[in-house]
Amino acid sequence: MIEVPDAVRNKARAAGVEGWLERLPALVAGLEADWSIVVGRPYTRGSEAFVAEATRADGAPAVLKVLVPGLGNESANEATALRIVGGEGCPALYRYDTDRGALLMERLGRPMFELGLPLSRRLELLCDTAARIWRPAPDSGLPTGAEKARWLAEFSARLWEELDHPCSEKVVEHALACARRRERAHRDEKAVLVHGDVHQLNALQSDGGFKLVDPDGLVAEAEYDLGVLMRGDPVELLAGDPVERASWLAARTGLDPVAIWEWGVVERVSTGLLCTQIHLQPLGRDTLRAAEAVAGSSMP
């Protein structure tokens, strides 16, 4: 039997791939045989993949990840991103199978989430770790920031209707307008490889610092990653000044506060809707509540 987190099961059902859940035990057994690994304890966090500890034939620790198909989270993109960074800022990639959506990677330490760091320190560390990944990636074949903006806009509009309007129309319209502006702002010659999902659950200890797991594999404005930091910690965001957070992130990295703010709007709405769809609460409600609070706002 394979223990699969509820959020992963909900994602698979929402994507209409319940059969993948039934095939998963055989799929994992096949990977064990083909890659000479022993799969152990599964990780309970996460929502887009079955992830478990693994041990290689030489006794070295590793992590096996098998992605839920049909979510737009292409394993090929993640593998490409991991190959480009070569263990810098992300875990080293040992093996990859495109047909099975499986990756075998370096095992890292505790997630930042468990360390109880104050928000200001978390943001510092996440900014610095993400910046280790940013680099030109021409001809990588990865999706662009423009494509991602279009996808997020379409996803948000569709999900808002399917979920019977869990937030106001003003919130969604604000996100769609910001997405259109980020789409138009994309420039291939200035784009870099970004992680795409920078938050404290994805930051794991490594050699006295951190590495980021689960890269989306995207070539975009570096501000995209900081937009993700604008969507995180929604309760804390509202307890403080959202504009101040965007300004701080821009000052820390030398990037554009307006782009950071707009990506944050898009990410906040799409993520709040997604969490609502897969019953990941109270995060979904808190994130949409934060989106409501800043709907229509812009950087001064």
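The values are calculated or read from the model by the stated rules, or taken from the named source; none is laboratory data. Given the structure is predicted, the values throughout are model-derived calculations rather than measurements. Here the Cβ positions follow ideal geometry from the backbone for every residue, glycine too, while neighbour counts run over all protein chains shown. Keep in mind that these areas ignore ligands, DNA and RNA; they rest on the heavy atoms of the full protein, side chains included. Shrake-Rupley method; radii C 1.70, N 1.55, O 1.52, S 1.80 Å.
Which of rounded, prolate or oblate describes segment 1-147 when judged by the alpha-carbon gyration tensor and an a/c cut-off of 1.5? Could the numbers behind the result be given before it?
On the way: a/c = 1.39, a/b = 1.32, b/c = 1.06.
Rounded, since a/c falls under 1.5.
How much accessible area per residue does segment 226-293 have, counting only protein heavy atoms and a probe of 1.4 Å, in square angstrom?
Values: 2510 Å² over 68 residues.
That works out to 37 Å² per residue.
Quickly work out the Ala26-to-Glu244 label distance, labels modelled 7 Å from Cα along the C-beta direction, and quote it in nm with one decimal.
According to this spin-label approximation, the distance is 5.7 nm.
Quick one: which residues, 5 or more positions from Ala49 or on another chain, have an amide H under 5 Å from its amide H? H modelled 1.01 Å from N in the peptide plane, none for Pro or chain starts.
The answer is Val68.
Roll a 1.4 angstrom probe over the protein heavy atoms and tell me the percent of accessible area of the chain that is carbon or sulfur.
Values: 6580 of 13410 Å².
It is 49 percent, rounded to a whole number.
In deg cm²/dmol, rounded to 500, what helix-only [θ] at 222 nm does the chain give when every DSSP H run of at least 4 residues adds -39500 (n - 2.57) and the total is split over its residues? The partial results should precede the final answer.
On the way: 11 runs with 146 residues, N = 300.
Calculated at 222 nm, the ellipticity per residue is -15500 deg cm²/dmol.
Which of the peptides 200-210, 101-111, 268-278, 23-33 is most tightly packed, and how do the rest follow, going by the mean number of other Cβ atoms within 10 Å of each residue?
Numbers: 200-210: 17.4, 101-111: 19.2, 268-278: 23.7, 23-33: 14.6.
Sorting 200-210, 101-111, 268-278, 23-33 by mean packing, highest first, produces 268-278, 101-111, 200-210, 23-33.
For segment 56-133, what is the accessible area per residue in Å² when the probe is 1.4 Å? Please list the in-between numbers first.
On the way: 3300 Å² over 78 residues.
Solvent-accessible surface per residue comes out at 42 Å².
Which of Lys11/Lys211; Lys11/Lys190; Lys170/Lys211 have a Cα-Cα distance over 31 Å? Please report the intermediate quantities before stating the final value.
Working: Lys11/Lys211 25 Å; Lys11/Lys190 34 Å; Lys170/Lys211 37 Å.
In this structure, Lys11/Lys190; Lys170/Lys211 exceed 31 Å between Cα atoms.
Ignoring solvent entirely, what values of log10 I(q)/I(0) come out of the Debye formula for the chain at 0.11, 0.16 Å⁻¹ when each Cα is a single scatterer?
Values returned for q = 0.11, 0.16 Å⁻¹ are -0.64, -1.40.
How far is the Cα center of segment 139-168 from the Cα center of segment 5-44, in Å?
Computed from Cα coordinates, the inter-centre distance equals 26 Å.
In whole Hz and in residue order, list the ³J(HN,Hα) couplings for segment 130-136 that follow from phi through the Karplus curve 6.51 cos²θ - 1.76 cosθ + 1.60, θ = phi - 60°; x for Gly and Pro.
Listing the rounded values in order: 4, 4, 5, 8, 5, 6, x Hz.
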